[in-house]
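The values are calculated or read from the model by the stated rules, or taken from the named source; none is laboratory data. Being a predicted model, the structure only gives us computed values, none of them experimental. Neighbour counts are summed over all protein chains in view; Cβ atoms, including those assigned to glycine, are modelled from backbone coordinates with ideal geometry.
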Amino acid sequence: MFWNKLQRNAALVLLVALLTGTSLASRAEAAPDPLYTNARASALIDVKSGRILYSSNGDVSMRIASLTKIMTAIVAIEHGHLTDMVKTGKRAVGKEGSSIYLRLGEEMSLLNMLYGLMLRSGNDAATAIAEHVGGSEEGFVHLMNEKASFLGLAHTQFKNPHGLDDEGHYSSANDLARLTAYSLKNEVFAEIVKTRVKKVPNPHEKWDYSYTNKNKMLAMYEGADGVKTGYTKKALRCLVSSATRNGQQLAAVTINDRDDWADHRKMLDWGFAHYPLKQVAAKGQAIAGYPYVVGREFNYPLESQEEGAVQSKLVLYDAATMRYAFGERGLLEWYMNGHRIGAVPVYDTGSSRLSLPETTPKSLSSWAEFEKASKQEADLADSIGKALGALFGT
């Protein structure tokens, strides 16, 4: 933990610095040694914070093969019903490339078909899922592109749900890293992509289908827990992997990499070594000079030379707001090099809210997005309160 010097700004916005008994080294001019890979493009991201730790050609749009199915899966999970029975149509049967060999008219639950999609990279499963969830393959692709826009994936455009080479179908290493970080916050998605083998009922035989995950990282890297392989003749070898160590989850992306397994081990090792999670603030920690305490622990991946660059700003709420009525007194926002990296609520010292269990935002790409969603909820509550006040004359 570290607290810097306190400064006041005008009105409700106050600059608060973090105090500790240990001084931290100032940011050095030299960056960590570059992380060389054989990939045409690569990226490494801290999943919880959404911070991209390393990038090479990260914003260059490229063919991505079956890494496409990361988007297919998360859109299907969010828009579909996992217990729905998905019926295999003509367009899905015999789809070229990797397959789970669905038969015409065969029915399988959406959840089980998602396992076939992500573990075996079934192009037939991708098509069947798209037609079921989106009403048509084209309708589903529209949902995929809407999601890409929502997540701010500026170098991404989808033309199909499976990733077979198609003009105008592309993404970038940085966009895939952000998409993966978003998707891994979804519990269903995370459970699917970490599964090594999945048994699925076979309606045609007495034995079950057995889907073995193609992602070798699950067996060869300590803490590996996802996510997807990919290959086409034009995209060549593509891989997204993830791993968790000491409570920190990283995701690595390589596009067109002939030695991807080795490169991913190297990237993940480098990330855990150079950017471990550092505690910026502890839950219940006092804010010097104010009768407030931090409402939630805040950790962030920092290289040792960066710790002195983290600054904070306390934004206090007006007493008339709904958030204030519910016990929050403001937000302690964190910045590094002028960029907002996160925020935590603050409460009165001794507030009962501090005894509540901490929650982690799911299916959100970053803490900034979490706080944006929280603000929208608070604004809605304020609007409802004002409407009720006008109605009852209070």
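Odds and ends about this structure:
- Positions within the stretch 218-229 being closer than 11 Å to Ala243 by Cβ and buried (at least 23 other Cβ atoms within 10 Å of the Cβ), in sequence order: Gly226, Val227
- Selected residue [touching a Leu at 6+ places or on another chain (Cβ under 9 Å) and farther than 24 Å from Arg51 by Cα] from Arg178, Arg196, Arg237: Arg196
- Residue in the stretch 195-217 that is aromatic (Phe, Trp, Tyr), surrounded by 17 or more Cβ atoms within 10 Å (Cβ to Cβ) and either at pLDDT below 95 or in contact with a Lys or Arg (Cβ under 9 Å, 6 or more places away or on another chain) (or both) present: yes
- Residue that is assigned by TED's automatic domain parsing to the domain that holds Leu250 and either crowded, with 23+ Cβ neighbours inside 10 Å or touching a His at 6+ places or on another chain (Cβ under 6 Å) (or both), where the choices are Tyr182, Tyr170: Tyr182
- Residue among Val293, Val253 that alone is of a type in the set (A, V, I, L, M, F, W, C), more than 21 Å from Val227 (Cα to Cα) and touching a residue at least 24 places away in the same chain (Cβ under 8 Å): Val293
- All positions within the stretch 214-235 that are touching a residue at least 24 places away in the same chain (Cβ under 8 Å), within 26 Å of Val47 (Cβ to Cβ) and more than 21 Å from the chain's Cα centre (by Cα): Lys214, Lys216, Met220, Tyr231, Ala235
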